[in-house]
1. When you look at residue 497, is it within 17 Å of residue 412 (Cβ to Cβ), assigned by TED's automatic domain parsing to the domain that holds residue 431, hydroxyl-bearing (Ser, Thr, Tyr) and crowded, with 19+ Cβ neighbours inside 10 Å, yes or no?
2. Given the options 412, 456, name the one that is under 24 Å from residue 21 (Cα atoms), under 26 Å from the mean Cα position of the chain (by Cα) and at pLDDT 95 or above.
3. Could you tell me which residue of the stretch 80-97 is farthest from the chain's Cα centre (by Cα), considering only residues that are of a type outside the set (Gly, Ala, Ser) and surrounded by fewer than 17 Cβ atoms within 10 Å (Cβ to Cβ)?
4. Given the conditions (1) touching a residue at least 60 places away in the same chain (Cβ under 8 Å); (2) part of a loop (DSSP other than H, G, I, E, B); (3) small (Gly, Ala, Ser), and given that residue 562 satisfies all but one, which numbered condition is not satisfied?
5. For the list (1) more than 30 Å from residue 416 (Cβ to Cβ); (2) at pLDDT below 95; (3) of a type in the set (Phe, Trp, Tyr); (4) crowded, with 23+ Cβ neighbours inside 10 Å, I need the number of the one condition that residue 314 fails.
6. Scan the stretch 581-594 and tell me whether some residue there is out of contact with any helix residue (DSSP H, G or I) (no Cβ under 9 Å at 6 or more places or on another chain), modelled with pLDDT of 95 or more and closer than 26 Å to residue 358 by Cβ.
7. So residue 374 clears everything in (1) under 30 Å from residue 179 (Cβ atoms); (2) in contact with a Gly (Cβ under 9 Å, 6 or more places away or on another chain) except one condition, right? Which one?
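The values are calculated or read from the model by the stated rules, or taken from the named source; none is laboratory data. Everything numeric here is computed off the predicted structure, so don't read it as measured data. With ideal geometry, Cβ positions are generated from the backbone for all residues, glycine too; neighbour counts draw on all protein chains shown.
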Amino acid sequence: MPNAEKTHVMAELVGPYEFWTFETGADYGLPPQHLNAETAIAALAELPPGADPRTGDIVGDLAGSDNIGEIHVPTVWEPGCSGKENAFWPLVVRVKAGKAGGATSPLARLGHAMKPLAGGIAGHRKKAQPAADTLGFRLNSVMPGETINGGFSAEAITQAYAKSPKSAVKPAAIVAVIDDGLPFAHRDFRGADGSTRVAFCWLQSAVTPKGQTPTVLYGREYLKGEIDELIRDYGHDEDQLYRAAGAGDKGPARGATIRHLGSHGSNVMDLAGGARVGDALDAVALIGVQLPSPITLDTAGFGKDSYILAALHYIFERADRLAEKHLGKGEKLPLIVNFSYGFTGGPHNGQDRLERAMRALIRAREATGAPAHLVIPSGNSFAGALGGEISESLIAARGGAKGTFDIPWRVQPTDRTPNYLEIWLPDGATPQGVSVALRTPSGKSFSLAVEASGDQNTPFSMPGSVDKRAIGQFSVENYRLESGKGRWRFMVVLAPTDPQNSTLASAEAGLWQVKLGGLGPVLKHGVITCRIQRDNDPFGYYHGARQSYFDDRHDQAYDETGKHSATENPGNTFVRRFDGLNGLATHDAVVVVGGYVASSTAPATYSSAGPLTARPGSPGTVRLAAPSDDSPVLGGIRAAGTRSGITFRLNGTSAAAPQVTRALALAYAGKPGATAKPPTPGSVAALIAPHLVAVGGPKDPGAAVNPATRKARLGEWLLAGA
């Protein structure tokens, strides 16, 4: 491989995405993710039962070493960390300048500094069975130091919450929203008495004022009483209110979409829990978590895990406090969490690290007897040509050489962000004997060495380039699964074709070919699945992202009427439209919501689906669908903007999911205390049955249109609009 530097560092702490973000492609980040002498990094840890990073059980005397500064644990929900299974912990690791051990790159220096940490995990791995191989830390993203609250104590919330007033109406259910740009003072989230129904709101990248006792490890938390005070003081001027709240006007929170007239989070939160005439939402309390703007900005999913896991722990812990305050010690309330985010990469078998962490928390809460629902959209990539499959039959149908295939990857011009391609080998296969080469749009070809040992992250530059600057990275990883086994993944990263910083090297725009050889033994185990990671500008942000895609000449992207195809491609086609579900929605503890067009009940063009052959309702499939467009010409669903009185339309399955969240909340509010046991697989449909129409049933107006694919796209039920 020309112009390449092979690197094997920090296998315990970083994967391909992290290696690109912190090392090879650090300069391309928005903002750049530079590791300096003293860095705070969000991290996720999977630890064995009984292990507790707050006691030094994992790290021993690491905090006193020459290298590591401190390891902090944000608010955690104790039952989620104290069971008989491995527990997932959100952490913040602060690294001091220390001995470099001969390491030269920032990431290698960090690896040397954290060697004792990896060693501590290795010790637990030897003792822990089963699933010992999944134990470990995974570094996420650099945190602004000023958002971390020194002197944080998890007990501070007890005293602060004792001063916060109760709701005028005793809550019957709790809706929690994890999103961006949350308008926590909006009038749609107030009760009939004019006070807010928002019991807690955590702004993860805001700064807690000096002199104020922090109730969260990082960012700033607002309780009901504080929000009511803000409304009293500034309610006539919500711009000033959010400035006074530090919700996004300066510092690390600058750029938060609460500063816009509409945000993804405002629409979603309103659809999930905003007041409507005749709705019994006064009995529904709200909890909000606003993710940091840079985390939202990166749609590839990198760097979010720790923040999202921390958000869920926070929601579960605060939900228990709220229930005890209003109902008495030990009492629980039904909790519905709406998380309208996602990405297209990942293993798609319920084994993504964050998926397993979310599942563990949901199951732990159900075990306490408290109803819990996690509602997530199915995704918006059905027509995006972001998924493909390589099989023996495809190679034969194409007439290609046995055991070889060229992946056609179209990379857009004027793209300001990196592009990621994941190639997942089937279960049981290894990369032994597989060859990988790249052909650039200008026709230059070069090979990429495949090391079957795994944990390989190899930068590469353009053949013949004078300065040898890296314009990409090739990674080989044995992705750890809960079973203790691994699944092999190749990943190719390409630099932006038009970087924000024009002095940086850029990748060529056009058709790249990833040329695979030696696939015969691999394909005996099944198909190779290829996924392009999501890369577009999220609502309310612009940073110049342009989505790459598979440019397969056999792809029948449009039907005979000129509309986007609603069915699967024929067998001689690499591009697959099904089995492209949101990468966070493939486990069995989630309610997956697809989108449909209200005027026709046809699946929305973009609404993603699970495998076409999967049993409806099984993990990794769409459970039910809600409107995400009013009609083919009136896209999106209208809901609140960030200021009271403003509305706008948001399309995508992000707008469908919160309507299911709302229906569940209203069902619990209408029957307080009716659900004493954890939800069963069928209980979601049972709870909101009056508002559902069976897909394919006699009342389904679209039952005769593509019946073979309709359930895979829409699930088993259609929900009427909120």
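1. Details: within 17 Å of residue 412 (Cβ to Cβ): yes; assigned by TED's automatic domain parsing to the domain that holds residue 431: yes; hydroxyl-bearing (Ser, Thr, Tyr): yes; crowded, with 19+ Cβ neighbours inside 10 Å: yes.
For residue 497, the condition - within 17 Å of residue 412 (Cβ to Cβ), assigned by TED's automatic domain parsing to the domain that holds residue 431, hydroxyl-bearing (Ser, Thr, Tyr) and crowded, with 19+ Cβ neighbours inside 10 Å - is met.
2. Numbers: 456 fails: at pLDDT 95 or above.
Of 412, 456, the one residue that is under 24 Å from residue 21 (Cα atoms), under 26 Å from the mean Cα position of the chain (by Cα) and at pLDDT 95 or above is 412.
3. Filtering first and then ranking leaves 96.
4. (1)
5. If we test residue 314 against (1) more than 30 Å from residue 416 (Cβ to Cβ); (2) at pLDDT below 95; (3) of a type in the set (Phe, Trp, Tyr); (4) crowded, with 23+ Cβ neighbours inside 10 Å, just (2) comes out false.
6. Scanning the stretch 581-594, I find at least one residue that is out of contact with any helix residue (DSSP H, G or I) (no Cβ under 9 Å at 6 or more places or on another chain), modelled with pLDDT of 95 or more and closer than 26 Å to residue 358 by Cβ, so the answer is yes.
7. Unmet for residue 374, out of (1) under 30 Å from residue 179 (Cβ atoms); (2) in contact with a Gly (Cβ under 9 Å, 6 or more places away or on another chain): (2).
Residues checked against (1) out of contact with any strand residue (DSSP E or B) (no Cβ under 9 Å at 6 or more places or on another chain); (2) closer than 20 Å to residue 375 by Cβ:
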site: 600; (1), (2): yes, no
site: 613; (1), (2): yes, no
site: 616; (1), (2): yes, yes
site: 631; (1), (2): no, no
site: 635; (1), (2): no, no
site: 650; (1), (2): no, yes
site: 653; (1), (2): no, yes
site: 656; (1), (2): no, yes
site: 662; (1), (2): no, yes
